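Each remark here refers to the structure printed beneath this line.
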Amino acid sequence: GRGASVLIPELLSIPGVNLSSIVNAYDDGKSTGEIRKYFDMLGPSDIRKVQELMLPESHIDHTNIKKLFKLRIPKSIGRTNSLNEINQYIKSRKNILFNIEIKDKRINHTLKSYLSFFLDYLELSEKFLGKKFSFSDCSLMNCIYAGAYIENKRNFDETATSIDKLFKLKGTVIPTNIENKFLVGLRENGEILYSEAEIVELRSNVRLKKLFLLDSSLKKISLNKLLKREKILFLENRNSFVEINLRAKNAISNADIIIYSPGTQHSSLYPTYLTKGFTESVAGNKRALKIFITNIGED
């Protein structure tokens, strides 16, 4: 959740703390939505944002690696120039990508490999879908994540682990689950929120009644033919099974302290708790100190 940016650096500053952050990856807004559409994967944005908080300050390239994690490709650069920039980085001996220089040879070698996988699969996916990927305001790390996902045989947990090892993070970020699911919300007045982005952005005084995890995203026009009660029944029948990632289960079961982090309830927290085996693991760890921190305001 949003509180991670405050909590995680403080926790990592305490000597002897071994920190694991468990994060769901249902984000589908902006460039993450593009990545999910073309690579048929979970959204890497929330995972990488937490990993950015764990970058070691001692690394010689720390400042530029931080810039790499934050970089969004400006709209003014355009698609052709974006592709040329990535291709040039892959093929050149100079290790400069969008004016960011990384000196670490090991990191450069791996980044070039991931971006090669990204470009190769993107070309195939564009042909398959019959439309072009938009680089406008695209997170560069999302592209790197997508390439890592292909290189890691479409295993999202191993992808997160590979980024962890590449940058030698000070803590561990673990996806809640590895199945590619899509979050949909239902308000008490029957209004449907068709994406995680809508759940986060479309604030309202009308409460959310229920959340659903679906195997595929829904187009708004697809449910317009149904009556209100039929829409609810349809979503109930499409609600899918999601199982906890084994690494997440082990981290919870072995934890000395479990912190329920402040975040947007209906996008960060409740969808995580819906994961089969998650709440059972939390309840099953009876020796851990459990701390709940909530947002004040919208939540």
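The values are calculated or read from the model by the stated rules, or taken from the named source; none is laboratory data. Note that this is a predicted model, so its numbers are computed, not measured. Don't worry about glycine lacking a Cβ; one is built from the backbone with ideal geometry, like all the others, and counts go over all protein chains shown. Remember, those area values only see protein heavy atoms, side chains included, never the ligands or the DNA or RNA. Shrake-Rupley method; radii C 1.70, N 1.55, O 1.52, S 1.80 Å.
Points worth noting:
- Alpha carbon convex hull of region 9-142, volume per residue in cubic angstrom: 121 Å³
- Region 42-72 residues near the modelled SER13 label - backbone nitrogen below 20 Å, point 7 Å along Cα→Cβ: 50-59, 62-63, 66
- 1.4 Å probe accessible area per residue over region 128-265, in Å²: 50 Å²
- Charge tally around GLU230: other residues with Cβ under 13 Å, Lys/Arg +1 each, Asp/Glu -1 each, net +4.
- Share, in percent, of DSSP beta bridges within the chain that are antiparallel, nearest 5: 55 percent
- Percent carbon-and-sulfur accessible area, the chain, ignoring ligands, DNA and RNA, probe 1.4 Å: 52 percent
- The stretch between VAL6 and ARG106 holds 33.0 nm of extra length on full extension. This uses 0.36 nm per residue minus the Cα-Cα distance.
- Calculated FRET value between LYS286 and ASN189, using beta carbons and R₀ = 35 Å, to 0.05: 0.30
- Contact order relative to length of the chain, as percent, for alpha carbon pairs under 8 angstrom and 6 or more apart: 21 percent
- Separation in nanometres of the label points that stand 7 Å from Cα toward Cβ, at ILE258 and LYS131: 4.1 nm
- With both labels modelled 7 Å from their Cα along Cα-to-Cβ, the SER204 to GLU179 distance reads 2.7 nm.
- For the chain, adding -39500 (n - 2.57) for each run of n ≥ 4 DSSP H residues and dividing by the number of residues yields -13500 deg cm²/dmol at 222 nm.
- Between PHE117, PHE241, PHE128, the residue with the greatest mean-square fluctuation in the GNM of the chain (Cα pairs under 10 Å linked by springs) is PHE128.
- Around GLY277: net Lys/Arg minus Asp/Glu count, Cβ-Cβ under 11 Å: 0
- Summed residue charge, Cβ within 12 Å of SER125's Cβ, Lys/Arg positive, Asp/Glu negative: 0
- Listed pairs LYS30/LYS209; LYS181/LYS210; LYS231/LYS276; LYS37/LYS153; LYS37/LYS132; LYS30/LYS219 exceeding 19 Å between Cα atoms: LYS30/LYS209; LYS231/LYS276
- Once the Cα-Cα distance is subtracted from the 0.36 nm per residue extended length, the ARG238 to ILE296 segment shows a gain of 17.6 nm.
- Scaled against the 2.2 N^0.38 Å expected of a compact globular protein of N residues, the Cα radius of gyration of the chain reads 1.04.
- Region 226-267: C-alpha gyration tensor shape, a/c 1.5 cut-off, then a/b vs b/c: oblate
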